[in-house]
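The values are calculated or read from the model by the stated rules, or taken from the named source; none is laboratory data. Computed from a prediction, not measured in an experiment: that's the story for all the values here. Cβ sites come from the backbone with ideal geometry, for glycine too, and all protein chains shown count toward neighbours.
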Amino acid sequence: MATPNAGSATQQPAVEATPIGQRLAALLSSGFTFLILAALCLVFAVLQGAKFANPNNAQNIAIDASQLLLLTVGVTFVIVTAGVDLSVGSVLIFSAVVAAKVMVRFAGSAEEVRAYEFPNQEVAIPLGLAAGVLAGTAWGLLNGVLITKLKMPSFIVTLGTLGMALGAAQLLSNGTTIPNVPQDVQLKLGLRELVGFDVGDYRIRLTPPVLVATIVVVLAALALGRTRFGRYTYAIGSNAAAARRVGINVDRHLIKVYGLSGLLAGVAGGFDLLRFGTASVGSHQADNLAAISAAVIGGTSLFGGLGTIGGSVIGAFIPAVLRNGLVISGVAPFWQQVAIGAILILAVYLDQRRRRAEERM
Amino acid sequence: MDGTRDDPEPVLQAVGIDKYFGPVRALTNVHFAARAGEIVALIGDNGAGKSTLINVLTGVLPHDGGEIVFDGRPVRLSSPQEARALGIETVYQDLAIAPHLDAVANIFLGRELRLPGPLGALGFLDRRRMLKETEEQLGRLRVRVPGLGRRMTTLSGGQRQGVAVARAVMWASKVVIMDEPTAAFGVAQTGQVLDLMRQVRDTGIPVVFISHNMPHVFEVADRIVVLRLGEIVEELDPKSASIDDAVRAMTGSTRFTGVGIKAEFVARTGEGRSVGNA
């Protein structure tokens with residue numbers, strides 16, 4: 001065989017057969033977004049010194065990014081299949097509302113809850129979080145079933161469920177923040193210090209949201225990069241007809257992928273309760289576009305077949321770092337949205353150029 | 001016409017196949033056989049029913065009359081997966097590869113090898129073993145694919161086709177069907193594909209070769225079956241028949257004097273020009 005280095009058994013086979021040029025190009029383009037992230041950190045660190053560059057602030061950024069991270073991971077799988085999921089922000093809100101309602105309902109009698117007493121909260125809190133995840137998964141599965149069985153474009157179906165999930169969340173909550181949620185979901189669970197250690201004057205604490213987000217990212221990266229599930233995800237996005245011809249059950253796989261996106265939106269909904277102790281229908285309405293932007297900045301192609309979890313993680317951290325750094329710098333944080341828009345356009349432009357160069361080889 | 005010589009038992013056989021699309025009769029009482037150790041070419045003008053016959057034989061389309069006999073037993077093929085499970089592989093005209101995946105991933109698409117043990121149960125792929133088996137098989141077939149780990153988008157059209165052909169050949173344990181496999185090829189690559197077909201035949205696996213390109217057909221086929229308007233009209237021996245004979249049979253214009261000119265035209269320009277979606 002003409003494969004270079006075919007004899008060395010220590011390297012990854014797939015990488016082994018890749019020519020240097022393509023590896024460099026891939027490195028440059030995935031490196032580009034990483035360079036932006038690194039440059040942002042550097043600029044804020046230089047301008048703001050220890051106000052930005054301290055362990056506590058790094059932790060704040062991680063907590064702030066964790067929710068978007070979950071949505072971005074789910075949306076990455078969907079976009080790699082050449083679909084899109086516009087509903088994740090609304091599904092997040094719906095899941096959070098369901099989780100909050102279930103907690104309130106089961107934490108104690110109506111009188112007790114109104115008096116901020118939650119005798120059954122040990123049961124009600126996990127039950128509520130599980131209900132939120134289930135609700136999110138149900139929306140995701142509904143998306144998948146409608147897209148595959150009615151043969152509808154994912155853009156239209158998820159635009160529809162975006163409205164439906166948001167409306168349903170508002171109906172459930174009467175359009176307001178759910179009152180009388182057991183505070184321990186935030187104080188004892190969301191802010192719980194699982195692992196803590198001191199770095200100089202700072203205390204670094206690993207909290208459940210960050211731990212959950214980390215586990216999700218690692219599992220998702222393995223699933224997309226190393227398993228048959230991931231291979232089918234790429235294959236369907238690359239050429240769905242070819243995937244069908246080799247016997248892959250494309251519909252079933254797509255339903256799973258949209259279900260996964262909904263499930264992760266449900267988990268992100270639970271994070272609202274963990275972080276803020278309540279579910280509000282007012283925020284997160286632009287989270288869908290933030291997640292799609294993050295995935296695309298991270299190198300996921302809207303045409304399908306391309307994308308990595310690592311890239312999406314970087315893409316999700318860029319807005320978090322920007323927002324944090326701008327606030328610390330005393331600049332209006334709205335600039336974050338302006339900057340993300342510009343980075344999105346630039347990232348896709350560079351990616352297109354790279355891909356054209358690669359195809360000419 | 002349906003194989004009366006002392007040939008080995010057909011591996012795959014169409015016996016009196018009829019196929020209708022609504023009121024339109026696409027195939028009429030078609031008898032066709034592929035035997036071990038032969039390359040049988042299936043030729044015909046656009047709309048003659050070549051693709052319909054192939055689709056029936058590979059489980060893509062149901063048929064209305066007659067039966068498919070595989071290894072001496074009648075079979076019902078209700079999906080392409082069932083045909084593949086029997087060892088019948090097809091190279092499609094449009095290749096059916098995933099361009100963002102590499103050659104190994106494409107070759108193993110839908111039949112991925114998983115790691116042994118619990119990781120495999122979780123769906124983890126054994127990429128090392130898939131690469132190794134691909135290298136071995138391609139080496140055995142003397143197919144050269146540069147950069148097995150490269151995305152297919154970075155390969156030339158001919159190289160992509162090479163992967164598609166290699167995939168079919170690698171998995172076909174009984175029959176290989178090639179629908180216009182040389183249509184996108186230059187001279188050198190066409191030679192490779194024709195060689196590959198001979199190698200497959202020599203391992204005892206019959207090759208069904210659908211092509212518009214008469215020189216390619218006459219170069220490689222052991223037997224030529226001509227379809228016209230949904231019927232088998234003639235079976236030719238490429239050693240004794242001429243391209244003129246084949247074109248006459250395809251067009252049915254036996255008595256026209258201009259046939260020789262047309263035959264030459266098709267022979268010279270056959271590749272690409274008259275490739276259709278029959």
Flag if A:L322 is crowded, with 20+ Cβ neighbours inside 10 Å, in contact with a His (Cβ under 7 Å, 6 or more places away or on another chain) and of a type outside the set (V, I, T) | no
What do you reckon, is A:L189 in contact with a Leu (Cβ under 7 Å, 6 or more places away or on another chain) and at pLDDT below 95?
-> yes
Can you tell me which residue among A:V145, A:V216, A:V185 is surrounded by fewer than 18 Cβ atoms within 10 Å (Cβ to Cβ), touching a residue at least 60 places away in the same chain (Cβ under 8 Å) and either of a type outside the set (A, V, I, L, M) or not in a strand (DSSP E or B) (or both)?
-> A:V145
Going through region B:213-230 in order, the residues found to be in contact with a Lys or Arg (Cβ under 7 Å, 6 or more places away or on another chain) and either surrounded by fewer than 23 Cβ atoms within 10 Å (Cβ to Cβ) or in a loop (DSSP other than H, G, I, E, B) (or both) are B:V220, B:G230
Can you work out which of the residues in region A:266-286 that are outside any loop (DSSP other than H, G, I, E, B) and surrounded by fewer than 22 Cβ atoms within 10 Å (Cβ to Cβ) is nearest to the chain's Cα centre (by Cα)?
-> A:R275
Could you list all residues from region A:330-361 that are surrounded by fewer than 16 Cβ atoms within 10 Å (Cβ to Cβ), assigned to a helix (DSSP H, G or I) and either acidic (D, E) or touching a residue at least 60 places away in the same chain (Cβ under 8 Å) (or both)?
-> A:L350, A:A357, A:E359
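Can B:I68 be described as over 23 Å from A:T308 (Cβ atoms) and crowded, with 18+ Cβ neighbours inside 10 Å?
When the stated conditions are applied, B:I68 passes them.
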Just one of (1) surrounded by fewer than 23 Cβ atoms within 10 Å (Cβ to Cβ); (2) part of a helix (DSSP H, G or I) trips up A:Y116, so point out which.
-> (2)
Looking only at region B:132-172, which residues are hydroxyl-bearing (S, T, Y) and either away from chain A (no Cβ under 11 Å) or touching a residue at least 12 places away in the same chain (Cβ under 8 Å) (or both)?
-> B:T134, B:T153
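For residues that are part of a loop (DSSP other than H, G, I, E, B) and more than 10 Å from chain B (Cβ to nearest Cβ), tally how many sit in region A:303-318. So that I can check it myself, show each step before the final result.
The first filter runs over region A:303-318 and keeps only residues part of a loop (DSSP other than H, G, I, E, B), leaving A:303-308.
If we keep only those that are more than 10 Å from chain B (Cβ to nearest Cβ) as well, we get A:308.
Qualifying residue count for the region: 1.
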Which of the residues that make up region B:66-85 are in contact with a Phe, Trp or Tyr (Cβ under 9 Å, 6 or more places away or on another chain) and away from chain A (no Cβ under 13 Å)?
-> B:L77
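Within region A:261-276, can one find any residue that is closer than 24 Å to B:L101 by Cβ and away from chain B (no Cβ under 14 Å)? So that I can check it myself, show each step before the final result.
Of the residues in region A:261-276, the ones closer than 24 Å to B:L101 by Cβ are A:261.
Retained after the next criterion (residues that are away from chain B (no Cβ under 14 Å)): A:261.
Yes, there is a match, as at least one residue in region A:261-276 is closer than 24 Å to B:L101 by Cβ and away from chain B (no Cβ under 14 Å).
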Got at least one residue in region A:68-86 being within 21 Å of A:A320 (Cα to Cα), modelled with pLDDT of 95 or more and not in a helix (DSSP H, G or I)?
-> yes
Quick check, is B:V175 among the hydrophobic types (A, V, I, L, M, F, W, C) and without any contact (Cβ under 8 Å) to a residue 24 or more places away in the chain?
-> no
Out of the residues in region B:101-114 that are assigned to a loop (DSSP other than H, G, I, E, B) and surrounded by fewer than 22 Cβ atoms within 10 Å (Cβ to Cβ), state the one that is farthest from the other protein chains (Cβ to nearest Cβ).
-> B:L113
Answer yes or no as to whether B:I97 is crowded, with 17+ Cβ neighbours inside 10 Å, over 22 Å from B:Q199 (Cα atoms), among the aliphatic types (A, V, I, L, M) and out of contact with any strand residue (DSSP E or B) (no Cβ under 9 Å at 6 or more places or on another chain).
-> yes
